[in-house]
Every structure is written in structure tokens, then in C-alpha cells.
1. What do you reckon, is ASN77 modelled with pLDDT under 95, under 21 Å from the mean Cα position of the chain (by Cα) and either of a type in the set (D, E, K, R) or farther than 15 Å from PHE52 by Cβ (or both)?
2. Give the stretch 23-68 a look and list any residue that's of a type in the set (Gly, Ala, Ser) and modelled with pLDDT under 80, or say none.
3. Which residues, taken from the stretch 158-190, are assigned to a loop (DSSP other than H, G, I, E, B), in contact with a Phe, Trp or Tyr (Cβ under 9 Å, 6 or more places away or on another chain) and modelled with pLDDT under 60?
4. Identify all residues within the stretch 121-162 that are surrounded by fewer than 16 Cβ atoms within 10 Å (Cβ to Cβ) and either aromatic (Phe, Trp, Tyr) or within 21 Å of PRO43 (Cα to Cα) (or both); write none if there are none.
5. Among residues belonging to the stretch 61-85 that are of a type in the set (A, V, I, L, M) and in contact (Cβ under 8 Å) with a residue 12 or more places away in the chain, point out the one that is farthest from GLN104 (Cα to Cα).
6. Cβ-Cβ below 7 Å, separation at least six or inter-chain, first residue in the stretch 188-210 and within 16 Å of ILE110 (Cβ to Cβ) and touching a residue at least 40 places away in the same chain (Cβ under 8 Å), second of a type in the set (Gly, Ala, Ser) and crowded, with 21+ Cβ neighbours inside 10 Å: which pairs?
7. Select, from SER155, SER128, SER132, the only residue that is among the small types (Gly, Ala, Ser), within 15 Å of the chain's Cα centre (by Cα) and not in a loop (DSSP other than H, G, I, E, B).
8. Which residues, counting only those in the stretch 101-120, are free of Cβ contacts under 8 Å to residues at least 60 places away in the same chain, surrounded by fewer than 20 Cβ atoms within 10 Å (Cβ to Cβ) and under 26 Å from THR42 (Cβ atoms)?
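The values are calculated or read from the model by the stated rules, or taken from the named source; none is laboratory data. As the structure is a prediction and not an experimental result, all values here were calculated from the model. Cβ placement follows ideal geometry from the backbone for every residue including glycine, while neighbour counts extend to all protein chains displayed.
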Amino acid sequence: MIRALAVILIGAVLPAGSPAPTTSPAPSASPTFRTIVTVKTTPYCTALAKHFNAAFVPMRANDRTFDVVGVQLDRMNDMFNHPDYINRFIELRTSLIRETGVLQQSLRPIVQQIDRLQAAATLTKDPSKAASMKAAADALHDAYLHQFQLATDLSGLAQAMMRYDIFRGDHPLSGWTPAENQLPADEKNIKSYLEFDRQRKSITDSESKAVNIAYTIAENDCVK
């Protein structure tokens, strides 16, 4: 079943002509981000605090949702090792639908705040300050794009699970036939098809870059 589900997935996750996914790097540990605090009440500094935080806080909430989904994907890879695989499948499908719904609802408000942060670069006549604000917004937008792609791919997986008839018959051990068991591990791993760990690392890297830029702006231009 996992192979059938992965075949459905691959068309939704990878564009036509894309190479087969390779081993995904392990995601970096969840970073501890510095707090962005502004003291000056200039329009430029106020916009930084307001729009950066309004985008970043829900993005971090999404990261925690991805943590939950990562555990669910590991369980999905293992579910056919258990005699109650049908119940496990249904439970995982229900959970994935719920988590992807939360992710999808968060995305539009996030990108709206990033757009406002980008526009706030016009609140200063200093080209250097304007460039810094745009750089912070660009880094946030890059993280957003990776969150959007991963959330979309996970929604595709949830839809594939909705279409799959788990009751159609008995499944071989681990969900694979003896021939399929000879395939490389990544070809039998839902996380690899989703490039889940690679996307998580890209999100973390971009978020860290955005925070570093915003912190520098706040420290240099928005603190008395």
C-alpha cells in the first residue's frame, strides 16, 4: 500500500521531469531565536516590529505543526508492521487532514504580513535601511515559500489517503511485496518522497536569516 500511495504522491509533489528524490538530510535542531524589541516609535521601526512579528509568530507555530506531522509520517512508514494497520491508517489520515487544514489556513495571513513588511521599506529615505527591511522580508518570504510547498505536498498526501481503499484486501508484511522489499529505503519512505527533512532545513535556515537581519535593524536603528 505504501508504494501505491507513494506513486500517487510523486505526481503531486514533483513537477514533470523532476529527478527521483534522494536521501533527505536530517533537519537541524529547532533554533532558539532572539527576541526582536524596538524602542523608537518611528514609522519604520514600528512597521518592523508589527509586521515581522505578525508573520514570524504563525510561521513558528507552523514549525511546531510540522514537528507533529513528522512523527505521523514516521508512523505511516511503520503502520503495516502491525496487525491493526487499518485502524492506524485511518487514525493517521484523520490526523494529517487536521494538521494540513491548520497549515493551509495560516498561509495567506502570513504572506500578507510579509508583503506589508516589504512595503515598509518605503518608510525610510535611507537606502541602506530600506535594503535591510527588504532583505528581512525576502528571507521571511523564502521561509514562507518552503512552508507553502511542504503544506501543499502534505495536503496532497492526505487526499491520496482519502482515495486509497484500505479495506480492499490483505497487505504483505510491511506493506511491500518481496520484490518491493529489495528497493532502496528512500523509495519506500514517505518522507523522502516529500523531501520533508530538506524542506524543514530550508525553512529553519531562512527563518534564522530573517531574524538575524531584523535583530540587526532593531539594534542599529530602533534602539535609543
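1. On the way: modelled with pLDDT under 95: yes; under 21 Å from the mean Cα position of the chain (by Cα): yes; either of a type in the set (D, E, K, R) or farther than 15 Å from PHE52 by Cβ (or both): yes.
For ASN77, the condition - modelled with pLDDT under 95, under 21 Å from the mean Cα position of the chain (by Cα) and either of a type in the set (D, E, K, R) or farther than 15 Å from PHE52 by Cβ (or both) - is met.
2. Of the residues in the stretch 23-68, the ones of a type in the set (Gly, Ala, Ser) are 24, 26, 28-30, 47, 49, 54-55, 61.
Hits for the stretch 23-68 are SER24, ALA26, SER28, ALA29, SER30.
3. Within the stretch 158-190, PRO172, TRP176, LEU183 meet the criteria.
4. Passing the criteria: THR122, LYS125, ASP126, PRO127, SER128, ALA131.
5. Here is the first cut: in the stretch 61-85, the residues of a type in the set (A, V, I, L, M) are 61, 68-69, 71, 73, 76, 79.
Subset that is in contact (Cβ under 8 Å) with a residue 12 or more places away in the chain: 61, 68-69, 73, 76, 79.
Values: ALA61: 12, VAL68: 15, VAL69: 14, LEU73: 18, MET76: 21, MET79: 26 Å.
Looking at the filtered set, the residue picked out is MET79.
6. Listed by first residue and then by second, the contacts come to ILE203/ALA143; SER206/ALA139; SER206/ALA143; GLU207/ALA143; ALA210/ALA136; ALA210/ALA139; ALA210/ALA143.
7. Working: SER128 fails: within 15 Å of the chain's Cα centre (by Cα); SER132 fails: within 15 Å of the chain's Cα centre (by Cα).
Only one candidate qualifies: SER155.
8. So the first thing to find is which residues in the stretch 101-120 are free of Cβ contacts under 8 Å to residues at least 60 places away in the same chain, and the list is 101-112, 115, 118-119.
With surrounded by fewer than 20 Cβ atoms within 10 Å (Cβ to Cβ) added as a condition, the list becomes 101-102, 104-109, 111-112, 115, 118-119.
Those that are free of Cβ contacts under 8 Å to residues at least 60 places away in the same chain, surrounded by fewer than 20 Cβ atoms within 10 Å (Cβ to Cβ) and under 26 Å from THR42 (Cβ atoms): PRO109, VAL111, GLN112, ASP115, GLN118, ALA119.
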